[in-house]
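One structure is given here, and the rest of the page talks about it.
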Amino acid sequence: MLLIKNLRKTFQNGTKALNGVNLKINPGEFVTILGPSGSGKTTLLRSINGLENIDNGEIVFNNRKIDDNYLFYVQKKTGMVFQEFNLINNLSSINNVLSGLLNSSSKFLSMLYLFTREQKLQALQSLETVGLLDKAYSRTDQLSGGQRQRVGIARAIIKKPILLLADEPVASLDPKASNLILSLLKKICKEFNITIICNLHQVELAIKFSDRIVGLLDGAIIFDSQTKNIDINYVQNIYREENAGLTF
Ligand SMILES: Nc1ncnc2c1ncn2[C@@H]1O[C@H](COP(=O)(O)OP(=O)(O)OP(=O)(O)O)[C@@H](O)[C@H]1O
Ligand SMILES: [Mg+2]
């Protein structure tokens, strides 16, 4: 469903964030990207849905190369989940979920009351999927971190994406909530056949929930393996500072 070829990204200040990434993601896969801070995980996700301009290489989404004309469709079909949830905190859960139907949140406030009954039902359905129907009319700043992330997921799935990009979705959550969020993402992946690429720092969670794990270091892929074939000690090596820069 996604083919990334020789992807390179250098920021204006000269930082080389991605140094020739090649990656093929199959439909319905739950792929985790593991890698230390600064390895390029966020840049990779943001490049896929056009939030970063790439200098070199190409990204093929459902058999078509992404260009300016195709990007709108790609963004429509791609949901995003963030570490800090990115909710509008003084709004209810249902209104936050409805915002997932719009292209930008700046237009959102003025359009808040223009959603159809059908769209509101869709939002309630998304909240039901994440187990939060009873909080539909609660303000999101009155919810726990785990509940807020569930609203974030409901907002991402309301537009029925075929790809979900999750950038460290559990980084600000405790272990129990982290497990819950990742089980939920896995359920969404398998039940709705939504392909998921998830950036994580926790090796154990990656092994527990993903089909496949990709290791990123200094903007390059250093391993790419089905989870069942992975050796935990080997994976943990990428977090050992003394190994930074070495080829595995
Ligand atoms: N807007 C930017 N301008 C300049 N450099 C940037 C920018 N965004 C990221 N970088 C640099 O690009 C490299 C990759 O950053 P990125 O945020 O993709 O890493 P990451 O793996 O997501 O890290 P973390 O685990 O801390 O979130 C880093 O060296 C970072 O400093
Ligand atoms: Mg990041």
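The values are calculated or read from the model by the stated rules, or taken from the named source; none is laboratory data. This structure is a prediction, so every number in the text was calculated from the model and none was measured. Methodologically, a virtual Cβ is constructed for each residue, glycine included, from the backbone with ideal geometry; neighbour enumeration extends over all protein chains shown.
If I go through the range 24-33 residue by residue, how many of them are more than 12 Å from ligand 2 (Cβ to nearest atom) and buried (at least 21 other Cβ atoms within 10 Å of the Cβ)? Before you say what the answer is, go through the steps one by one.
Applying the first criterion (more than 12 Å from ligand 2 (Cβ to nearest atom)) to the range 24-33 yields 24-32.
Remaining after also requiring buried (at least 21 other Cβ atoms within 10 Å of the Cβ): 30-32.
Within the range 24-33, residues that are more than 12 Å from ligand 2 (Cβ to nearest atom) and buried (at least 21 other Cβ atoms within 10 Å of the Cβ) number 3.
Mind listing whichever residues of the range 172-201 are within 16 Å of ligand 2 (Cβ to nearest atom) and over 21 Å from N86 (Cβ atoms)?
None - no residue of the range 172-201 is within 16 Å of ligand 2 (Cβ to nearest atom) and over 21 Å from N86 (Cβ atoms), so the list stays empty.
Test of understanding: among G145, G152, which residue is touching a strand residue (DSSP E or B) at 6+ places or on another chain (Cβ under 6 Å) and either in the same structural domain as F61 (by TED's automatic domain parsing) or over 13 Å from I33 (Cβ atoms) (or both)?
Working: G145 fails: touching a strand residue (DSSP E or B) at 6+ places or on another chain (Cβ under 6 Å).
Exactly one of G145, G152 is touching a strand residue (DSSP E or B) at 6+ places or on another chain (Cβ under 6 Å) and either in the same structural domain as F61 (by TED's automatic domain parsing) or over 13 Å from I33 (Cβ atoms) (or both), namely G152.
On the basis of being in contact with a helix residue (DSSP H, G or I) (Cβ under 9 Å, 6 or more places away or on another chain), in a loop (DSSP other than H, G, I, E, B), away from ligand 2 (no atom under 16 Å from the Cβ) and modelled with pLDDT of 90 or more, does I94 make the cut?
no
Looking at the structure I just gave you, is V21 modelled with pLDDT of 95 or more and either within 22 Å of Q149 (Cβ to Cβ) or more than 16 Å from ligand 2 (Cβ to nearest atom) (or both)?
no
Report yes if N13 is out of contact with any helix residue (DSSP H, G or I) (no Cβ under 7 Å at 6 or more places or on another chain), more than 16 Å from ligand 2 (Cβ to nearest atom) and not in a loop (DSSP other than H, G, I, E, B), otherwise no.
Spelling it out, it is not the case that N13 is out of contact with any helix residue (DSSP H, G or I) (no Cβ under 7 Å at 6 or more places or on another chain), more than 16 Å from ligand 2 (Cβ to nearest atom) and not in a loop (DSSP other than H, G, I, E, B).
Could you list, in sequence order, all residues of the range 193-229 that are under 16 Å from the mean Cα position of the chain (by Cα) and farther than 20 Å from I4 by Cβ?
N193, H201, Q202, L205, F209 - these are the residues of the range 193-229 that are under 16 Å from the mean Cα position of the chain (by Cα) and farther than 20 Å from I4 by Cβ.
Residues in the range 172-191: is at least one in contact with a Ser or Thr (Cβ under 6 Å, 6 or more places away or on another chain) and either crowded, with 23+ Cβ neighbours inside 10 Å or outside the structural domain of S92 (by TED's automatic domain parsing) (or both)?
no
The rows are residues; the columns are (1) outside the structural domain of E191 (by TED's automatic domain parsing); (2) in contact (Cβ under 8 Å) with a residue 40 or more places away in the chain; (3) within 16 Å of ligand 2 (Cβ to nearest atom).
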{"position": "P36", "(1), (2), (3)": "no, yes, yes"}
{"position": "S39", "(1), (2), (3)": "no, yes, yes"}
{"position": "T42", "(1), (2), (3)": "no, yes, yes"}
{"position": "L45", "(1), (2), (3)": "no, yes, yes"}
{"position": "G50", "(1), (2), (3)": "no, no, no"}
{"position": "G57", "(1), (2), (3)": "no, yes, no"}
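When you look at L216, is it surrounded by 20 or more Cβ atoms within 10 Å (Cβ to Cβ), in contact with a helix residue (DSSP H, G or I) (Cβ under 7 Å, 6 or more places away or on another chain) and within 16 Å of Q83 (Cα to Cα), yes or no?
no
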